[in-house]
């Protein structure tokens with residue numbers, strides 16, 4: 001970890017130098033060692049490793065570097081809140097899985113259970129990604145899978161975005177707490193959020209409380225300096241870290257042009273496995289998953305499928321029962337009309353006319369029953385006048 005203001009300032013200066021990208025920076029580090037040594041070289045010596053223009057840029061202090069160094073020191077020394085640190089490429093605590101990817105970040109900012117950084121190599125982790133606008137079923141799948149997998153000791157890695165990411169983090173926190181795991185030097189992290197902004201801000205704002213809970217039971221990581229706003233190019237780039245920290249990537253729900261497919265591609269390039277949950281053939285949010293499955297991704301229908309693919313044990317039978325939410329059909333207070341309508345709905349989105357043809361009910365009765373189930377959280381209303389059964393209802 002960065003230990004002195006001088007060391008932090010040198011690393012930030014190296015990262016902020018305009019025109020010197022990650023590849024050039026790694027060549028400089030390989031040639032001269034620590035950043036302080038790089039800035040002690042003459043322009044002639046630097047030109048043996050990088051271009052003349054880059055060597056000249058390295059002779060100048062980047063704008064705002066001194067202010068950012070002080071802001072980062074103040075952030076690190078904050079008396080309240082979760083533990084925080086900055087680690088650099090080559091540190092003993094640098095997450096070992098990231099050393100295996102083609103473009104590991106030069107600096108990582110960490111917030112939360114920072115003592116676990118050095119143990120990430122020995123922790124089983126799964127990336128869960130998907131649409132920012134999932135169907136109700138897709139969001140519930142993300143939550144339920146993450147809950148069960150976290151209860152089995154897996155660390156769920158995602159990106160803190162709206163939709164599938166947020167549901168996966170929520171499910172992982174729930175599963176970890178219900179399982180009784182204690183986060184500590186040897187216990188598994190519930191979840192890791194890799195973000196595309198500086199760690200002094202939360203994006204999206206709706207996830208401020210979620211981010212706070214992740215910091216308590218897991219980690220929030222970023223390669224971007226403090227103050228970095230939510231810039232569009234940063235999010236696809238951070239996806240390589242989500243897949244890189246994980247043994248495999250599970251795509252829960254994604255359209256054909258989804259950024260989640262970028263993560264899946266990066267996982268394959270990193271030598272990681274890719275899995276996908278199938279969906280309705282009528283849903284645009286399932287077409288990305290279907291495309292991945294056609295290309296060889298592992299089709300998974302349950303958390304057990306994921307554990308088997310990763311060769312990990314499942315939770316014991318009693319734990320699985322405790323984590324399984326009761327279905328509406330099994331609930332002792334269910335009425336026959338409710339069960340009948342849930343069966344008629346199936347698990348694909350369906351319109352009112354098609355549903356009426358299946359069950360044969362009058363329109364008024366069908367609409368009233370749908371509204372009741374919607375208020376009970378058993379049915380979701382989708383765009384286009386469609387309805388869909390939620391979760392294990």
Q) Counting every Cα pair in segment 336-389, what percent are over 12 Å apart? A) 60 percent
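Report, for the chain, the % of DSSP beta bridges that are antiparallel, rounded to 5. Write out the running numbers ahead of the final one.
Values: 15 of 34 bridges.
Antiparallel bridges make up about 45 percent of those DSSP assigns within the chain.
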(Q) Tell me the mean residue ellipticity at 222 nm calculated for the chain from its helices only (DSSP H runs of n ≥ 4, each -39500 (n - 2.57), averaged over every residue, nearest 500). (A) -12500 deg cm²/dmol
(Q) Which order do the peptides 372-382, 112-122 come out in when sorted by mean C-beta neighbours inside 10 angstrom, highest first? (A) 112-122, 372-382
Q: In nm, give the distance between the simple-model label positions of residue 357 and residue 27, each being 7 Å from the Cα along the Cα-to-Cβ direction.
A: 6.5 nm
Q: Could you give me the percent of Cα pairs per 10 Å distance bin for segment 27-121, shortest bin first, beginning at zero and ending with the bin that holds the maximum distance?
A: 13, 34, 34, 16, 2
Q) Assuming R0 = 41 Å, what is the FRET efficiency of residue 59 and residue 298, from their Cβ-Cβ distance, to the nearest 0.05? A) 0.20
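Could you please rank 49, 306, 20, placing first whichever residue has the fewest other Cβ atoms within 10 Å of its Cβ? It would help to have the intermediate numbers written out before the result.
Details: 49 18, 306 25, 20 22.
Starting with the residue having the fewest Cβ neighbours, the order is 49, 20, 306.
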Q: Please report how far the C-alpha centroid of segment 344-363 lies from that of segment 48-63, rounded to the nearest whole angstrom.
A: 67 Å
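What list do you get for 262, 281 if you sort them by fewest beta carbons within 10 Å?
On the way: 262 18, 281 9.
Lowest to highest Cβ neighbour count: 281, 262.
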Q: Given the options 22, 188, 233, state which has the largest fluctuation in a GNM of the chain using a 10 Å cut-off (strictly under) for Cα springs.
A: 233
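State the extension gain, in nm to one decimal, for the chain segment bounded by residue 79 and residue 232, taking 0.36 nm per residue of separation less the distance between their alpha-carbons. Walk me through the numbers on the way to the answer.
Details: separation 153, 0.36 × 153 = 55.08 nm, distance 3.22 nm.
Contour length minus the Cα-Cα distance gives 51.9 nm.
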**Q.** Pair residue 47, residue 309: separation of 7 Å Cα→Cβ label points (nm)
**A.** 5.3 nm
Q) Dividing the Cα convex hull volume of segment 5-80 by residue count, how many Å³ per residue is that? A) 86 Å³
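Kirkwood hydrodynamic radius for segment 115-323: how many Å is it when counted over pairs of different Cα atoms?
Details: mean 1/r = 0.0600 Å⁻¹.
After inverting the mean inverse Cα-Cα distance, the result is 16.7 Å.
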Q: Quick one: give the max-minus-min coordinate of the C-alpha atoms of the chain along each principal axis, largest first, in Å.
A: 84, 39, 36
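Taking other Cβ within 10 Å of each residue's Cβ, how do 23, 253, 309 sort, fewest first?
By the 10 Å Cβ count, ascending, the order reads 23, 309, 253.
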Q) In whole angstrom, how far apart do the alpha carbon centroids of segment 190-214 and segment 89-131 sit? A) 16 Å
Q: Let me know the shape class of segment 90-209, please: from the alpha-carbon gyration tensor, a ≥ b ≥ c as square roots of the eigenvalues, rounded when a/c is under 1.5, otherwise prolate if a/b is greater than b/c, or oblate.
A: oblate
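Convex hull over the Cα atoms of segment 186-275, averaged projected area in nm²? If you can, show how the numbers build up before the last one.
Numbers: hull surface 26.9 nm².
It is 6.7 nm².
Laboratory data are not the source of any read-out in this text; all were calculated from the coordinates shown. Remember, predicted model here, so these are calculated numbers, not experimental data. All Cβ positions, even for glycine, are placed from backbone atoms using ideal geometry, and neighbour counts span all protein chains on display.
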